[in-house]
Amino acid sequence: MIHEFIVNGIALGSIFVLGAVGLSLIYGVRNFANFAHGDILTLGAYLAFTVNVIFAWNWVSVAPSMAVATVLLGIAAAGLGGALGLRLFFRARGAPPSPRRRGLPLLFLLVGILALGISLPILNLVRLGISEVALPTGLLLSGVTAIIGAGLAGVLFEHSIFRHLQYRGPVPSLIASIGLAFILQNVISAIYGTDQRFFSVSSGVGLDVGAGIVLTMVKQYMIVIGILLVVLLHVVLRYTKLGKAMRATSDNLDLARVTGINVRWVIIWTWVIGAGSAAIGGILLGLNAQVKPLMGFGILLFIFAAVILGGIGSAYGALLGGFVIGITNEVSKALLFRAGFDTAWSPAFPFAIMVAMLLIRPEGLLGGEPLVRWGALRASLSRFARRIRGLRAPSR
Amino acid sequence: MQPLLKAEAIHSGYGDVEIVHNVSVVVNKGELVTIIGPNGAGKSTLIKTIFGLLAPMAGRIWYQGRDVTGTEPDKLVRMGLSYVPQVDNVFPRLTVIENLEMGGFVREGDLTPRIDVVLEMFPSLKEKASVRSRNLSGGEKQMVALGKTLMLDPEVMLIDEPSAGLAPNLVEAVLEKIREINEAGTAIVIVEQNARKALSMAHRGYVLDMGETKYEGTGEDLLADPRVGRMYLGG
Ligand SMILES: Nc1ncnc2c1ncn2[C@@H]1O[C@H](COP(=O)(O)OP(=O)(O)OP(=O)(O)O)[C@@H](O)[C@H]1O
Ligand SMILES: [Mg+2]
């Protein structure tokens, strides 16, 4: 039975991974912890949900062997897309960021994910014939709408809020992001109500992975998409001009500016990629359980824990951190249950790991830089306190 | 002849505090110009103002006959000006090659030939090509910082204390490199603590103190001036 918890943990961990990737990237180039990141997940889920209730989105039933074949095909398609993209990129290496080339990295990301989504229904078309399969209009439209919508929202937040706070240290941005989180939650509640909603999907056919565990369709997607996205992101960060510029900006924004790197362009793409992957996480979270206004905020601390554990700015760190936090959370449920305790205690375990990590190795398992720069944080806090005191002081 | 770069009666500082008072600097094509002066004299402030990182409170900056006062640093980079900061002048988590690639960010086309040219100028970096620059020695880091800037083959380089914190033999090597770069045709403004060495290789020099120009002249004249020697060259 513990196997089952591990599998659940991996699936849950994938969502943390998808959130952690964006949180970590945005922290890297903008130097603040974005407390609204969970609500970007929620936003993505609601955007997809909106499309989903307008266009019917349904899984198509497949046999386990077919599911495996689908996943393999999806990975192959994504890999092919990625390889093609890389070739283009190597040829374009060093070229100035023209509008056409700027979009490439994200395009590959989307192509990879879409390839996965498309391959499943196509396989079924071949197998079952056209009459039995609904074309996945809803699936594509929901996912793409959510990713693009959340990406645009991220750019909007940057332009309307965070850009104006960028030279005031990490604290004002952080507090603004908490405010933004509450705004998003309440706007969503106002539009959709606070009730739980469900995506209209049939559960599909599970995949028997042995040991008596059957992975639901949603869980299969969660795991594969989580891993795939991290691999793609790693490729983008390592080999593309955008990725290198993102790492350079994250290392030293001022130096990036004087080097001639188009820092605004880097920051905007970071938001698009970060918010886009959060949206994917939100959709999967909603598919796995339900859609509700606090769904993203509720897992924000787990995402933070994943980032701290894995290390800032490292794609594989986010992967590792997300899975460790997810698995620890689920497995501790099993252990608590067996020992006769309430399973509601389970989050204590992943957070204990996070605290231990902060104390022992603040730069995380794979990161190169401490998440919390105590000196900078303290300086910014005292500047903030002075300003507030200044506001309250009677004018002379 | 029109100077390549001219900073005219610059007043600059941070917030309301004026640090640099009425300082003018001229750089002609191919020249090596040195700015010396004690700690806190305002040398870095002056360089940052010329490079558009600080807005001058008064004064103008001219580059190739154009008024570039208030121009953003990334625009200046595209125009052929470049700047090597005093500290934190490489991307620590990027490899040597990646640092060079970022240095060539605004350059069109394939960067590989230019990277080869730059590595040829800094042979010691060749075997460290894929090492993250935070794992390099201080001298190697300075070489990367210079190489990264050379990726664009700039007209003028503003270099702020390249020898700070280096062992004496490395100071020699770094300054020698800078002289080579200058001999290859790039005009250079260098701020230096090793005033004697810097003046001896400079065409012209400025002595800055308390934010004001105290002396200016050819490198030789400044070295020979007993007042400069007493006050700024340690006797
Ligand atoms: N960011 C800043 N904000 C406020 N004041 C500053 C700032 N940077 C420097 N100063 C002040 O400006 C003055 C001149 O500093 P600057 O860095 O230009 O000196 P410098 O001649 O480069 O000295 P050094 O040889 O030590 O590098 C100093 O008094 C310093 O305290
Ligand atoms: Mg200085």
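Couple of notes before you dig in:
- Of the DSSP H helices in chain B, those whose Cα atoms cover at least 15 Å axially and whose Kyte score averages 0.5 or more: none
- Most to least accessible of A:Val171, B:Val131 (protein chains only, probe 1.4 Å): B:Val131, A:Val171
- Apportionment of accessible area to carbon and sulfur, region B:90-151, percent (1.4 Å): 51 percent
- Estimated from the Cβ-Cβ distance and a Förster radius of 45 angstrom, the FRET efficiency linking B:Met79 and B:Arg227 is about 0.75.
- Point-to-point label distance, A:Leu301-A:His3, nm (Cα→Cβ direction, 7 Å offset): 3.3 nm
- Peptide-level mean, for A:246-256, of C-beta atoms on other protein chains within 10 Å: 5
- Considering all C-alpha pairs of region B:59-191, those separated by over 26 Å amount to 19%.
- Portion, in percent, of the accessible area of region A:199-343 that falls on carbon or sulfur, probe 1.4 Å: 67 percent
- For region B:19-118, alpha-carbon Rg relative to the globular expectation (2.2 N^0.38 Å, N residues): 1.24
- Cα Rg, Dmax, chain B, angstrom units: 17.3, 52
- Debye-sum result for region A:171-250 in log10 I(q)/I(0), which assumes one identical scatterer on each alpha carbon, at q = 0.14 Å⁻¹: -0.94
- Computing FRET efficiency as 1/(1 + (r/R0)^6) for B:Arg196 and B:Asp110, where r is the C-beta to C-beta distance and R0 is 51 Å, gives about 0.75.
- Between B:Glu176 and B:Glu18, the modelled label-to-label distance comes to 4.4 nm, taking each label 7 Å out from Cα in the direction of the beta carbon.
- Here the label points at A:Tyr316 and B:Met1, each 7 Å from Cα along the C-beta direction, are separated by 5.4 nm in the simple model.
- With all protein chains in place and ligands, DNA and RNA left out, the 1.4 Å accessible area ranks A:Ile223, B:Ile36, A:Ile183 as A:Ile183, A:Ile223, B:Ile36, largest first.
The values are calculated or read from the model by the stated rules, or taken from the named source; none is laboratory data. These numbers were taken from a predicted model, which means no experiment stands behind them. Using ideal geometry, Cβ is built from the backbone for each residue, glycine included, and neighbour counts are taken over all protein chains shown. Areas reflect the complete protein model, heavy atoms only, side chains present, ligands, DNA and RNA absent. Shrake-Rupley method; radii C 1.70, N 1.55, O 1.52, S 1.80 Å.
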